[in-house]
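Take a look at the structure set out below.
The values are calculated or read from the model by the stated rules, or taken from the named source; none is laboratory data. Computed from a predicted model, the values in this text were never measured in an experiment. Backbone-built Cβ (ideal geometry, glycine too); neighbour counts: all protein chains shown. Accessible surface areas use protein heavy atoms only, side chains included; no ligands, DNA or RNA. Shrake-Rupley method; radii C 1.70, N 1.55, O 1.52, S 1.80 Å.
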Amino acid sequence: MLGASRRSLCAGAAARRHAAARRHAAAFAVSGDAAAAAAASSSPSLSPSAPPRSVTNPDPGLSRLGGKRLLSVLAAPKLNGAESLSSLKLRESALVGRRYESSAAAVDSSDAPPAEKFEYQAEVNRLMDLIVHSLYSNKEVFLRELVSNASDALDKLRYLSVTDPDLLKDGPELDIRIQTDKDNGIITIIDSGIGMTRQELVDSLGTIASSGTAKFLKTLKESQEANVDSNLIGQFGVGFYSAFLVSDKVAVSTKSPKSEKQYVWEAEAESNSYTIREEKDPEKLIPRGTRLTLYLKRDDKGFAHPERIQKLLKNYSQFVSFPIYTWQEKGFTKEVEVDEDPAEVKTEGDGEPKKEVKKKTKTVVEKYWDWELTNETQPIWLRTPKEVSTEEYNEFYKKTFNEYLDPLASSHFTTEGEVEFRSILYVPATKKEDITDRKTKNIRLYVKRVFISDDFDGELFPRYLSFVKGVVDSNDLPLNVSREILQESRIVRIMRKRLVRKAFDMILGISCSENRDDYEAFWENYGKFLKLGCMEDKENHKRIAPLLRFFSSQSNEELISLDEYVESMKPEQKAIYYIAGDSLSSAKNAPFLEKLNEMGYEVLLLIDPMDEVSLTNLNSYKDKSFVDISKEDLDLGDKNEEREKEMKQEYSQTCDWIKKRLGERVARVDVSNRLSSSPCVLVAAKFGWSANMERLMRAQSIGDTSSLDFMRSRKVFEINPEHEIIKRLNAACRINPDDPEALKAIDILFETSMISSGFTPDNPTDLSGKIYDMMSTAMAGKWASQPQPAQPSQQPAAPSSSEPEPLEAEVVEPVEAGQQK
C-alpha cells in the first residue's frame, strides 16, 4: 500500500516538486528530543493544575481527535490580564509543557533500547567545511533552509492526505513552531508534517542522497564548468546540513503516520557518525511530525534570542504558506494597591482628627510567555489583481521597501507557460541618484514564497532599469546549491525578458496618463536611465524610443516625445533633425538652424550630455533617420542644382583662396546651403565628433589629450554667398588676394565661426587682439573730441558805495552752439 501511495504521489505532482518534498520532509518533523532542561528559565510552561490549551484552537474539546492527542496540546495557554499568573509557575523540567521536556540527557529507564550507531557514507568533515566556507555567505540562512524543509514536510502531508485522509487522524493542524532558549543556546523547530520512518532517517539524514562527498563535489564542479542549471537544492540533503553552520549538535525526533514507532536521530558536527534510537519515554512521544533541536555553538548563541529569530523569519519566511509561531515573552497591565503614609482626615460628628491608611493603586506590567504568529500566510502577489486595491498595493510597497511616498505606478501580473512566476513591480516616486550602480536591493526574489535574495548584478533587470522595485516569486528557478545565487540559464533569460517588457508597459502607462505632470516627474527622476538604455540595450530600442523626451526649436521650452515630433513633421521633410549644445539658449540660437527655421522644420535641441549619444545609438525612429544639422552634407530637400552650380563657379576661386589661408585648420571650404543671416559656419565631418561631443570628451579626458585627436573631425568651413562680408571678400580675392586686411578678415571670420559653431578657439587671446584692432580701425575718426567753449571773462567788481547803483537790463543775442558771443 505504501508503494501504491508513492506511485500515486509521483503521478499527481511534478517530478521536481515531489523529489524536493521527500528530501525536505525527511529533514523535519516534530522531535521527541527536546531542548535542555535549563531552557525552563526562559520558556515557562504550565503548572499541573492548568492543562495545556491550543493557541490555534482554544476550545479544549477539540484537543483530541479519535481519542488521540493533537499537536496543539504542545502549546502553552494564552492568558489574559484577568487570569491568575499562578498557572504560569514553571516546573524546572519543562520547556513549554510536559511534552517540551529536555532530551539532552539520555533516558534513565533501564529498559530503554540502546542507540544504534551508523557511519556516514561521505566524509562529514569535508562536507561541513564545504557548507561553512563555500555554500553559504551568511550563517543566518540556516533558519530559512530548515523552515523551508518543514514547510515541504507539511506540504507533502497535505497532498497525501487528499487520497489518504487517515494521515491526519492524529491532528489536523498544519503549522510550524519555533522555540528558543537564549541562556543555553538552544533552538527547537517543530512541524506537524509527514515525519520519517527509521529507514527514511537512514536514507535521508544518514547519507548525502546516497552519494559520497566526492560525488557531490564532482557534480557541483561539472555543473559550474558546463554552465548549466545547477538546480541542486535538496538533492544531497544540504538544506538540512545547514543546521551545522551554527550547531555543535543536532537532534531530530520524528514520528511518521506510516509507523507506530518514534525515532531519534542525533549527530555532532565534528563526528563522522550518527545514532538512531527508538523513543520509549512516554513523556516525549508525539502524535506526528518532527522536532529539530539545535545546540548552538558558543559564538552563535545570539541566534537563540526570540527577537533575532522573529526578525529572520520576517525577512526570509514571511510568506511561507503555513503559519509559523514563535515563543515570545508578552505582558499585560493591571492595577495593584500600594500603601501611602498615614493622612489625617476629619471624621463626621465630633470633628476630631483620626489617622487612617489611604489606599492608592498603580499600574504594573505582568510578564508571561505565549505563541505569536510571525508570518503572513497570504502574500499579496498570490491574489488576483482585481481583488487588490490601490491602497493595498501602496501599503505593501511602503512596508516592503521602507518608502514614505506612494509609487508612481505598479504592475501586478502572472506569467505562465515555459516559465511560471508571479510579480509585482513598482516605479518609485523618489529619485535614484547613482546611475552607475549596477547592484541594487530593489528586486526581492522568492522561491515558493521563501525569500532568496535581493542582491543582484543585472541578472533579472538591466542596469538602466535598476530603479524599478518589486517582488518576483517562482516555484522552479535555477538556483545554485546554497539557494543564494541565480544561475545564468535560458530560463533566467526568458524571465528577464518578460520582466523588462512588463516594466516598459508600466512606464508607458505613465506616459499615456492624462496628467502630464506624472510623466514629467518620472522623466526628471529617471530620464537618464532610459537614455542609458539606448546605449546598452539594442534589443529594446523600440520600447525605449517612445519614452524619450527632448526640447525642440518649436516647443516653447517644453519637452516633447519623438511621436509628437513625427506628427508635426512637414510632408516634404525626410529626416528628424537635431543639434546638440551645452545650453538651451546656445542650441536654439546656433547658426545651423537659420535655414531650417525659415523652412518651418522643427529641430530637436539636445542639451543633456547623454542626449546625443542616445540618439546616435537609436539611428532611426519610425523609418525616419536622425540627422545632425551641425555636420557636413546636410540635405534639406530643397536643392536647386542650377543655382548651386552657379554659386560654386562664382565662388570657387574664393573658396580656394580661403582654404589656402586657413591651411590644415580645415578640410575644405564649401558654399553653404544652411545659412541665411550668418556669413559663415564651421561644420563637423560626417563621421567625426560634433562640437558638443568634442567638448564633452575633452572635459572627460585625463592627462594627455592627444589620444583623442583621431576622433576629432576635420572641419569644413562653409560660407554664405548672400552675405555682404563674403561678397566683399570675393571681390578682394579677385582684385588683391594678398591684401593683409583681407587675409586678417579671413582669420577673424574663421575663429569667430568656431565660437558660434560650438568649438573652442586654439588661441582666444590672439582672436581678441585682432578684434580689438579692427574695432580701433572702424572707430577711427568717429566720436572725436570737440573744442570746449571758452568761459566768459569775469568783470572787475565795482567800487562799493553806500548806495547801490540801479541795474540795467542786458539784451543777449542768440548765438550758435560752440560760438563765442
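Using a probe of 1.4 angstrom, how much of the accessible area of the stretch 363-450 is carbon and sulfur, in percent?
That share works out to 45 percent.
Solvent-accessible surface (1.4 Å probe) assigned to residue 760 amounts to roughly 90 Å². Let me know the shape class of the stretch 161-200, please: from the alpha-carbon gyration tensor, a ≥ b ≥ c as square roots of the eigenvalues, rounded when a/c is under 1.5, otherwise prolate if a/b is greater than b/c, or oblate. The shape class here is oblate. In terms of distances greater than 25 angstrom between alpha carbons, the cross-link table entries 448/469; 542/595; 528/574; 531/595 yield 542/595; 528/574; 531/595.
Once you have a ≥ b ≥ c as the square roots of the Cα gyration tensor eigenvalues for the stretch 580-640, tell me rounded if a/c is under 1.5, and otherwise prolate or oblate according to whether a/b is larger than b/c. The shape class here is oblate. Using the Cβ-Cβ distance between residue 686 and residue 311 with R0 = 41 Å, the FRET efficiency computed as 1/(1 + (r/R0)^6) comes to roughly 0.10.
Residue 163 contributes about 100 Å² of solvent-accessible surface, heavy atoms of the protein only, 1.4 Å probe. For residue 723, the solvent-accessible surface computed with a 1.4 Å probe is close to 40 Å², ligands and nucleic acids excluded. Sorting 514, 416 by solvent-accessible area of protein heavy atoms yields 514, 416, largest first, with a 1.4 Å probe. Largest accessible area first, the listed residues 381, 523 line up as 523, 381 when surface is computed with a 1.4 Å probe on the assembled protein chains.
Taking a ≥ b ≥ c as the square roots of the Cα gyration tensor eigenvalues, with a/c under 1.5 meaning rounded and otherwise prolate when a/b beats b/c, else oblate, which class fits the stretch 248-319? Here the stretch 248-319 falls in the oblate category. Carbon and sulfur together cover what percent of the accessible area of the stretch 502-644 at a 1.4 Å probe radius? Exposed carbon and sulfur together represent 42 percent of the surface.
When 599, 196, 774 are compared by accessible surface with a 1.4 Å probe, the order from highest to lowest is 774, 599, 196.
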